[in-house]
Ligand code: SF4
C-alpha cells in the first residue's frame, strides 16, 4: 500500500456532526481546554481509554522503532475508534504539533498512515499548533480562543500544583481532585460566557482558587517530595507513566512537577537562542522576547497567588532555572525537552527535592541525552541527588518500574547511589 496518505480536512459543516477526540496528555489542563472548546460550539471528548488495547493498536499501526509516546497516542485513538463507542464517520482527532525538529512535529503524518492502515482513511485530523503548520477550515484559533487557551494553561498549572501539594495530605480521599474539577467547570463557563472575563478577573481567580485549596481539610505531616522530570507526554500522562503520580502518593510521597508554562517558555526561548547562537531572524527574536517576558510575568502572578496563604510552595524563577545548566549542557540542545530536562533536575535539587524520577520513553534519543546522559555529571557535583532513570516502553511492566522507584526511595534512606544498587535497567525484575 502506498505510504502517501491524502489529507482529509475538518470542514465547517463537521463542527456540527463530528466529535473531536483529544488524547489524555495533561489531564488537569486538557479538561479545561476541552470544556472551553465545548463552550465554543465544538463537540469534544477527552479520551480516557487505557489498557492492553491501546498498546496493541499502537504496536500494530505505528512502526515499532517510533518513540513510545507516538505509539501510545496513536494507539489510544485507534483503540477508541474501534471500541464501538463512536461512529467513525463522525469523529475527528486532535493532536498538538510543536513545530520543533523532533518527531512530535511528525506525529500527524504517522497518525494518517496508521488510520489508513486500520481502515479509517476518511477521519480528519486537526493540528493544534501555534506555528502555522496545518490549518483546517472548520477549526480556527481566533485571538479570543487563543487568549482563553493561554489562561487555561496558566489555570491548569496552578490547579496541578495545588492538587499535587494537597492530595498526599487530604483527609477525605479524592477531595483535592473534586475541588479542582468543580473549579474547572466554573472556569470554563466563566471564560466563555461571562462578558468582560479578562485577565484581571482571571488573576483574581488565582487567589480564590488558592483560598479554596487552603481551606481543604488536610493533615500536613512532612512527606518525601519526589520530582518527576522527562519527556512531556510520559511525564504528565497517567497512561504514559503507568499512573506514576498515584503510585507516589500511595508510597507516602508528594510528587513535584514543573508546569506546562515552563515548557512553553522553553519553546519560546529556543527561538531567542536561535538568534543568539546562529544569528537567525532578528524580528522573530524580538517577537519571541516579548512572548517570553509575557509568560515570565504570568508565572510570577501564579507564584504570588500560590504563596499568598503561606501553605503552598510556588514556582522557581525560570531565568534562574535556565542559568543552572551552565557547565552541564548547552542552550543549543533543543530537540525534545532538550536543555529543559537537565534544568528541571537541577532546579529540583536547588529547591531541596533530591529524589528524582527521570522518565525515559523508548525511542526518545534527545531525552536520553539530556536526561540519562547528564545524571552522572549531576551526581558528581551534587552527591545528595538521588536520581533514577526509568524506562517506559510497551514491554516494561509497571511492577518493575515501581520496584525501581521503591529502590530509589530506599536509597534515600541508606544513602547508597544508584550505581551501588545496580538499578540501571528496568527490564530486569527487581525485588525490594
Ligand atoms: S521528544 Fe522523544 S518522545 Fe517526544 S517526539 Fe521527540 S523522540 Fe518522541
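Key figures
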| read-out | value |
| --- | --- |
| Contour excess over end-to-end distance, with Cα ends at residue 211 and residue 122 and 0.36 nm allotted per residue | 27.2 nm |
| Rounded if a/c under 1.5, otherwise prolate or oblate - the range 14-140, Cα gyration tensor axes | rounded |
| Potential lengthening between residue 376 and residue 145 on full extension [0.36 nm per residue; Cα-Cα distance subtracted] | 78.8 nm |
| DSSP beta bridges in the chain [antiparallel fraction, %, rounded to 5] | 5 |
| Estimated FRET transfer efficiency when R0 is 60 angstrom, pair residue 276-residue 250 (beta carbons, to 0.05) | 0.85 |
| Protection proxy ranking, peptides 71-82, 242-253, 186-197, average beta carbon neighbours within 10 Å, highest first | 71-82, 242-253, 186-197 |
| Relative contact order (%) - criterion: Cα under 8 Å, at least six apart; region: the range 112-185 | 13 |
| The chain - convex hull of alpha carbons, volume per residue in Å³ | 146 |
| Full-stretch length increase - residue 224, residue 309 - with 0.36 nm per residue and alpha-carbon distance subtracted | 28.4 nm |
| Projected label distance in nm at residue 326 and residue 86, using a 7 Å step from Cα toward the beta-carbon | 4.9 |
| Centroid-to-centroid separation of the range 79-115 and the range 207-281 [C-alpha atoms, Å] | 25 |
| Value of relative contact order over the chain, rounded to a whole percent, pairs C-alpha under 8 Å and six or more apart | 15 |
| Relative contact order, percent, the range 14-140 [alpha-carbon distance under 8 Å, six or more residues apart] | 25 |
| The chain: calculated mean residue ellipticity at 222 nm from DSSP helix runs of at least 4, using -39500 (n - 2.57) | -16000 deg cm²/dmol |
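Read-outs: derived from the displayed coordinates by stated rules, not from any lab. Fair warning: this is a prediction, and the values are worked out from it, not measured in the lab. Positions of Cβ are backbone-derived with ideal geometry, glycine not excepted, and every protein chain shown enters the neighbour counts.
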